[in-house]
Amino acid sequence: MASVNFISKAKLEGLDSEEKLDFILNEVKKGQILVLERGLTAEEQAKLIEMTMKKINEKFAGIEMESYVNEKPTLLEKIFGRKKVRLTIIGPADKIKTIYKDKDIIKAVIK
């Protein structure tokens, strides 16, 4: 059985980037599915994938991750080419499968 944990932005804002990624990866390795109120930056997502690739073995198949970004970036986001991520769903690759995503809906199957 898998559980879904909803993680507030306040919880993650209290952690630096490395602590945040360690927390996420440790929870996912335990089989938890996480819904992050404030998603990860593109850099954090890339680092999380890199960390995950180092941990894959016969007991841990990796992660599945989907995110929403703000539809209307602020002026600073436009200038610097960064978009804030509104929501991220992360889970073990062997327990969650994204079957559909558009600008308003992410549909996932939890095994």
Residue pairs qualifying under the 9 Å Cβ cut-off, at least six apart or on distinct chains, with the first in segment 57-68 being in contact (Cβ under 8 Å) with a residue 12 or more places away in the chain and the second being surrounded by fewer than 16 Cβ atoms within 10 Å (Cβ to Cβ) and of a type in the set (Val, Ile, Thr), are Gly62/Ile49; Gly62/Ile56; Ile63/Ile49; Glu64/Thr98; Met65/Ile49; Met65/Thr98; Glu66/Thr98
Kindly provide the set of residues from segment 4-20 that are farther than 18 Å from Ile96 by Cβ and either assigned to a strand (DSSP E or B) or of a type outside the set (S, T, N, Q) (or both), ordered by number.
Lys9, Ala10, Lys11, Leu12, Glu13, Gly14, Leu15, Asp16, Glu18, Glu19, Lys20
Tell me, which residue of segment 21-45 that is charged (D, E, K, R), at pLDDT below 90 and not in a helix (DSSP H, G or I) is farthest from Val109 (Cα to Cα)?
Arg38
Here is a list of conditions, (1) assigned to a helix (DSSP H, G or I); (2) out of contact with any Gly (no Cβ under 8 Å at 6 or more places or on another chain); (3) at pLDDT 90 or above; (4) of a type in the set (A, V, I, L, M, F, W, C), and Met53 meets all of them except one; can you say which number that is?
(2)
Look at Ala10 and say whether it is surrounded by 11 or more Cβ atoms within 10 Å (Cβ to Cβ) and among the aliphatic types (A, V, I, L, M).
no
In segment 28-48, residue nearest to the chain's Cα centre (by Cα) [restricted to those that are surrounded by fewer than 18 Cβ atoms within 10 Å (Cβ to Cβ) and within 16 Å of Ile96 (Cα to Cα)]:
Val35
Enumerated strands (runs of 3 or more DSSP E) restricted to segment 63-110, each holding at least 1 residues that are at pLDDT 85 or above, surrounded by 14 or more Cβ atoms within 10 Å (Cβ to Cβ) and touching a Phe, Trp or Tyr at 6+ places or on another chain (Cβ under 8 Å)
85-92
If we keep only residues of segment 1-32 that are among the hydrophobic types (A, V, I, L, M, F, W, C) and in contact (Cβ under 8 Å) with a residue 40 or more places away in the chain, then the residue nearest to Pro92 (Cα to Cα) is Val28
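The values are calculated or read from the model by the stated rules, or taken from the named source; none is laboratory data. These numbers were taken from a predicted model, which means no experiment stands behind them. Heads up, the Cβs are rebuilt from the backbone with ideal geometry, glycines too, and the neighbour counts pull from every protein chain shown.
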